[in-house]
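The structure appears right after this line, and notes come after that.
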Amino acid sequence: MDKPIIILGIESSCDDTSAAIIKDGKKISNIIGSQKIHEKYGGVVPELASRAHLQNIIPVVNQAIKESRVKKNQISAVAFTRGPGLLGSLLVGVSFAKSFGLALNIPIIDVNHMHGHILAHFIKENDQKHNPPKFPFLCLTVSGGHTQIVKVNDYLDFDLIGETIDDAAGEAFDKSAKTLGMKYPGGPLIDKYAINGNPHAFKFGIPKVDGLNFSFSGLKTSILYFIQKKLKENPKFIKQNLDDICASIQFSIVKILIDKLEKASEQTQIKEIAIAGGVSANSGLRNRIKQMEKTHNWNTHIPPFSYCTDNAAMIAITGYYKYLNNEFCSQKITANPRLYI
Ligand code: KG4
Ligand code: ZN
């Protein structure tokens, strides 16, 4: 029997320190050390994030290897997030991966974080039926830093066909939540309150942007002005209407996303559709995508919650496909906070 391909993945692009082991495409372990410290600042503080990564990286990697029961000398390669992300955060993962590769005398593989989010769909789980997207498919990648529509031709062949011209969808969620006095990250909280609210209670403008690009900054400002005006009339406005406000905000963000995805599907004639990234955990988006299966004959792919937000299993699976393709990098590689897809 052939030797298994075992990839150690490292992710440290923002505020999660994560390490995972993927063996022949199957997840064996995936450890995520989240950083609570940013909650009180209303957003990720880069300096604090890199310091926390430094503290977390060794225990997180140790735990991922221990849980996997793989021996260090069985690891075939180390895959790490090269970018995009925060420079100080990326540097911790990149330096760790390079040193680990050097110490074990194994190859290292640089991974684009956005590729990772997309290829998370290909992670196999023990005992679970696996139904990954078929090529070519469209992937709406929505996170705290990015909003993209990507035409995925093959595991390592992508065309970016649309992206945000200003804020990301996750930012729109988080900044609206901040306006409502919620802690960071507010996206999951908006989702939570929206479940009991009326999505049509309040109307916010939907931006007109050419082609397949997105814009969220106008929506963010209109929500801010709306809340400020309402609070002047009634200081208890947020408290009394929280569910409806959240449902209306979520409705607008999801509508902007789905309208463009629908347009992309029409233009490319592709009905194989996936979502990825932190915002793909949003129940409003997940429900709308499922509806599109019925109304638009889409074949949709929604990642499990554990692979929506940042994790190293998605980096390891991308590393696995790059390994199969003999795509390794040199020890001279550096982090690239602005890496493009
Ligand atoms: O992919 P991710 O973990 O990190 C980045 O690469 O940015 O995405 C984080 C983003 C945050 O903006 C967070 O608020 C958002 O994903 N998010 C959600 C939900 N869960 C996470 N937004 C809306 N609804 C959710 N359930
Ligand atoms: Zn991400």
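The values are calculated or read from the model by the stated rules, or taken from the named source; none is laboratory data. Every value quoted in this text rests on a predicted model; they were computed, and no experiment measured them. Positions of Cβ are generated from backbone atoms using ideal geometry, with glycine treated the same way; all protein chains shown enter the neighbour counts. The accessibility values were calculated without ligands, DNA or RNA, using every heavy atom of the protein model including side chains. Shrake-Rupley method; radii C 1.70, N 1.55, O 1.52, S 1.80 Å.
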key: Filter pass, THR309 being crowded, with 21+ Cβ neighbours inside 10 Å and in a loop (DSSP other than H, G, I, E, B)   = yes
Selection over the stretch 1-25 where residues are closer than 22 Å to ASN112 by Cβ, part of a strand (DSSP E or B) and of a type outside the set (A, V, I, L, M, F, W, C) yields a count of 5
For the stretch 14-38, pairs from a residue that is within 16 Å of ligand 2 (Cβ to nearest atom) to a residue that is part of a strand (DSSP E or B) and basic (Lys, Arg), with Cβ under 7 Å and 6 or more apart or across chains, are ALA20/LYS27
Could we say that ARG286 is without any contact (Cβ under 8 Å) to a residue 24 or more places away in the chain and closer than 28 Å to SER34 by Cβ here? yes
Query raised in the report: Of the residues that make up the stretch 48-67, is at least one within 16 Å of ligand 2 (Cβ to nearest atom), among the acidic types (Asp, Glu) and either part of a strand (DSSP E or B) or open to solvent by 60 Å² or more (accessible area, probe 1.4 Å) (or both)?
Result: no
A careful count of residues in the stretch 223-280 that are more than 16 Å from ligand 1 (Cβ to nearest atom), open to solvent by less than 20 Å² (accessible area, probe 1.4 Å) and in a strand (DSSP E or B) gives 1
Among residues of the stretch 117-141 being within 16 Å of ligand 2 (Cβ to nearest atom) and in contact with a Phe, Trp or Tyr (Cβ under 9 Å, 6 or more places away or on another chain), the residue farthest from LEU160 (Cα to Cα) is ILE123
Subset of the stretch 119-171, residues assigned to a loop (DSSP other than H, G, I, E, B) and within 16 Å of ligand 1 (Cβ to nearest atom), comes to ILE123, SER143, GLY144, GLY145, HIS146, ASP166, ASP167, ALA168
